[in-house]
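First the structure, in the form of structure tokens, and then the observations on it.
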Amino acid sequence: MLARLRLLLLTFWLGCLAAPTVQAVTVVIVSSERSPAYAQAAETLVRELERTGWSRHDMLQLTAAELAGAGVLTPKLFVALGVQAANALALAPLNTPVLCALLPRNSFERVLRSSGRRASSQFSALYL
């Protein structure tokens with residue numbers, strides 16, 4: 001039940017972004033690892049975005065390890081699933097909003113301290 005509520009809040013937050021238009025809209029989902037839990041969370045997020053009108057082709061799923069080799073990415077939103085993914089995105093030079101999920105509050109605060117970032121509309125989290 002709590003997981004469903006978090007997913008609905010995430011969907012609402014994503015809905016606040018501009019709706020998909022004719023031009024490509026990209027959401028990059030970065031998972032800390034390829035475990036079943038992260039895969040399930042990423043797939044649930046993709047399905048929810050599809051349900052609200054986004055195309056699966058406009059979404060890219062990577063692990064934190066794959067992010068460095070992905071080249072230049074310019075999506076509308078990054079979603080970090082887990083602490084490693086949040087760290088990787090916090091340390092990357094991004095101008096794109098990042099939404100962190102699947103991490104406790106103290107871990108998110110640690111990511112902020114270690115990266116020198118501040119919680120804002122550009123770098124935020126939904127806590128466990």
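The values are calculated or read from the model by the stated rules, or taken from the named source; none is laboratory data. Source: prediction; values computed, not measured. Positions of Cβ are backbone-derived with ideal geometry, glycine not excepted, and every protein chain shown enters the neighbour counts. The protein model used for the area step is the full one, side chains on, heavy atoms only, and it has no ligands, DNA or RNA in it. Shrake-Rupley method; radii C 1.70, N 1.55, O 1.52, S 1.80 Å.
Tabulated data
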read-out: Filtered residues of region 41-54 (kept if surrounded by fewer than 12 Cβ atoms within 10 Å (Cβ to Cβ) and either under 14 Å from residue 26 (Cβ atoms) or not charged (D, E, K, R) (or both)); value: 53
read-out: Flag for residue 25 being under 15 Å from the mean Cα position of the chain (by Cα), at pLDDT below 95 and surrounded by 15 or more Cβ atoms within 10 Å (Cβ to Cβ); value: yes
read-out: Residue identified as aliphatic (A, V, I, L, M), open to solvent by 20 Å² or more (accessible area, probe 1.4 Å) and either at pLDDT below 90 or touching a Gly at 6+ places or on another chain (Cβ under 7 Å) (or both) among 67, 112; value: 67
read-out: Any hit, region 1-19, residues being modelled with pLDDT of 75 or more and part of a helix (DSSP H, G or I); value: no
